[in-house]
Amino acid sequence: GFCENQMNRLIVLSASWNGELVEGDGASWGADRAYRLVMDDGAEKDVYLLCYEDRLVRIEFNWHPTQDQMSIVGRQLKGN
């Protein structure tokens, strides 16, 4: 909990406190939980916090990842 909350705070801080991490579908990433940065004006950024059993991952794209790309990320991070 503490580490996840600190990562959440750092990601929001990097967005100049003008957003929040909103929980989404972790299964798409093969993760226990997944959060996406959503700005105060409703704009969804392609910045994610992925929570796995033994790690937290901040990942950022310059595009909106496809379902296949999310699955690849999950497989690679889980070592599959």
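The values are calculated or read from the model by the stated rules, or taken from the named source; none is laboratory data. The shown structure was predicted, so the numbers you read here are calculated from the model rather than taken from an experiment. Cβ coordinates were reconstructed from backbone atoms using ideal geometry, including for glycine residues, and neighbour counts include every protein chain displayed. The accessibility values were calculated without ligands, DNA or RNA, using every heavy atom of the protein model including side chains. Shrake-Rupley method; radii C 1.70, N 1.55, O 1.52, S 1.80 Å.
How many residues are surrounded by fewer than 15 Cβ atoms within 10 Å (Cβ to Cβ), closer than 16 Å to Gln76 by Cα and modelled with pLDDT of 90 or more when one looks only at segment 29-60?
2
Could you please tell me which pairs satisfy a Cβ distance under 6 Å, a separation of 6+ or placement on different chains, a first residue in segment 58-80 that is aromatic (Phe, Trp, Tyr), and a second residue that is surrounded by 11 or more Cβ atoms within 10 Å (Cβ to Cβ)?
Once the first residue is aromatic (Phe, Trp, Tyr) and sits in segment 58-80, its partners that are surrounded by 11 or more Cβ atoms within 10 Å (Cβ to Cβ) give Phe61/Asp46.
Between a residue in segment 31-54 that is touching a residue at least 40 places away in the same chain (Cβ under 8 Å) and any residue that is assigned to a loop (DSSP other than H, G, I, E, B), which pairs come within a Cβ distance under 7 Å, given they are 6 or more apart or on different chains?
The qualifying pairs are Cys51/Ala31; Cys51/Asp32.
Specify which of the listed residues (Gly79, Gly24) is small (Gly, Ala, Ser) and out of contact with any strand residue (DSSP E or B) (no Cβ under 8 Å at 6 or more places or on another chain).
On the way: Gly24 fails: out of contact with any strand residue (DSSP E or B) (no Cβ under 8 Å at 6 or more places or on another chain).
Result of the check over Gly79, Gly24: Gly79.
Quick check on segment 70-80: of everything there that is closer than 24 Å to Glu20 by Cβ and either at pLDDT 90 or above or among the acidic types (Asp, Glu) (or both), which residue is least open to solvent (accessible area, probe 1.4 Å)?
Only one residue tops the list, namely Gly74.
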